[in-house]
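J.: I'd like to ask you about the structure that follows.
The values are calculated or read from the model by the stated rules, or taken from the named source; none is laboratory data. Values in this document were obtained by computation on a predicted structure and should not be read as measured data. We place every Cβ from the backbone using ideal geometry, glycine too, and count neighbours over all the protein chains shown.
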Amino acid sequence: MILEALGAALLGLALAWATAHRLGHRLPARSLVLATGPAGALIGAFITHMALGPGHAAATLTGAVAVSAALLSLLLRPTRGRLRHSATA
């Protein structure tokens, strides 16, 4: 369980770093992004581990990455050049 948590945190940090590096212009402060990745991964690993039980390390890490990616996607802002108009306008 400790190795799963450590692996999930490292995967979340790597995902957050890659997201901040690639999409930095569309994200809030870098420190928030780098904290959200591992936190989301740990939450995802906890939920997946509780749902599947012990012995499913690969699935636990997959769930950790999925939740981390979902939380990081919530931090994205829309691009500035493209404005959306409603269908009724």
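J.: Would you confirm whether or not region 3-21 contains a residue that is loosely packed, with under 12 Cβ neighbours inside 10 Å, modelled with pLDDT under 95, farther than 23 Å from Pro78 by Cα and out of contact with any Asp or Glu (no Cβ under 9 Å at 6 or more places or on another chain)?
T.: For region 3-21, residues loosely packed, with under 12 Cβ neighbours inside 10 Å, modelled with pLDDT under 95, farther than 23 Å from Pro78 by Cα and out of contact with any Asp or Glu (no Cβ under 9 Å at 6 or more places or on another chain): present.
J.: Would you pick out the residues in region 29-56 that are assigned to a loop (DSSP other than H, G, I, E, B) and either loosely packed, with under 13 Cβ neighbours inside 10 Å or of a type in the set (Gly, Ala, Ser) (or both)?
T.: Of everything in region 29-56, those that are assigned to a loop (DSSP other than H, G, I, E, B) and either loosely packed, with under 13 Cβ neighbours inside 10 Å or of a type in the set (Gly, Ala, Ser) (or both) turn out to be Ala29, Gly53, Pro54, Gly55.
J.: Among the residues of region 57-77, what is the count of those that are without any contact (Cβ under 8 Å) to a residue 24 or more places away in the chain and either more than 11 Å from Ala8 (Cα to Cα) or surrounded by 11 or more Cβ atoms within 10 Å (Cβ to Cβ) (or both)?
T.: Residues meeting the conditions: 6.
J.: Please work out which residue is farthest from Ala59 (Cα to Cα), limiting yourself to region 16-28 and to residues that are assigned to a helix (DSSP H, G or I) and of a type in the set (A, V, I, L, M, F, W, C).
T.: Ala20
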